[in-house]
Amino acid sequence: MRTRCIVEPDLWVYGLCKFRAFGVLWHRGVRHRHRNRAGRIACTLLAIREDEVAAELNGIQTTRLKIGAFAISALFAGLAGGIYAWQMSYIDPGTVFAGSLTVRAIAMTMLGGQGTVFGPVIGSVVLSGISEALWTRFPFLHTALSGVLIIAIVLFLPGGITQILQDRGWLPRSRRL
């Protein structure tokens, strides 16, 4: 068992709070753009998604915008990974790049609802809670039970939790991304 040596134990909490505050401000900006119809960049990205050749013929620089969108999405993943590495103070390729993390991320998105803004957030909260509960009650079977849970999600909740919440009127219906 290795020991952790951190100068200030609560220092990473401040970084996490700053990251969350940035996320809240980003979410407010996205909601503001969504309420005021889609912004110029969002419209061009939607045009690229629908028909890249037609968008290019209309004067949209598709390569530049796709690279920019990729860079912005990678920024958030990089920030999350940096905060994780800072918190753990040691990372190992076997634990960071494990296949189970990829499967878990996909399961969170499927549980919440693909193509929605709130779906992955809801899915990550719910699936993390369920996984932790399974791990504490069944320490030797939690991976098998998590696999059964993922299969049940695929079979019985194809639209995710957001689909159920939208059907009941608790979440507004939105256009899928």
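The values are calculated or read from the model by the stated rules, or taken from the named source; none is laboratory data. The shown structure was predicted, so the numbers you read here are calculated from the model rather than taken from an experiment. Note that each Cβ is placed from the backbone with ideal geometry, even for glycine, and that neighbours are counted across all protein chains shown. When the accessible area is computed, the model is the full protein with side chains, heavy atoms only, and any ligands, DNA or RNA have been set aside. Shrake-Rupley method; radii C 1.70, N 1.55, O 1.52, S 1.80 Å.
Go through the residues of the stretch 156-163 one by one and say whether even a single one is aromatic (Phe, Trp, Tyr) and part of a helix (DSSP H, G or I).
Start the filter on the stretch 156-163 by keeping residues that are aromatic (Phe, Trp, Tyr), which leaves 156.
Those still in the list that are part of a helix (DSSP H, G or I) too: 156.
Yes, that holds for at least one residue.
Output yes when any residue across the stretch 38-53 is of a type in the set (Val, Ile, Thr), modelled with pLDDT under 85, in a helix (DSSP H, G or I) and closer than 28 Å to Phe19 by Cα, and no when none is. Within the stretch 38-53, one or more residues are of a type in the set (Val, Ile, Thr), modelled with pLDDT under 85, in a helix (DSSP H, G or I) and closer than 28 Å to Phe19 by Cα.
Within the stretch 74-107, the residues that satisfy the criterion of being out of contact with any helix residue (DSSP H, G or I) (no Cβ under 8 Å at 6 or more places or on another chain), hydrophobic (A, V, I, L, M, F, W, C) and open to solvent by 60 Å² or more (accessible area, probe 1.4 Å) are Leu75, Ala77, Phe97, Leu101, Ile106.
For the stretch 80-111, the set of residues classified as within 21 Å of Leu165 (Cβ to Cβ) and more than 10 Å from the chain's Cα centre (by Cα) consists of Ala107, Met110, Leu111, listed by residue number.
For (1) open to solvent by 60 Å² or more (accessible area, probe 1.4 Å); (2) polar (S, T, N, Q), each residue gets a yes or a no:
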residue: Thr136; (1), (2): yes, yes
residue: Pro139; (1), (2): yes, no
residue: Ile153; (1), (2): no, no
residue: Leu165; (1), (2): no, no
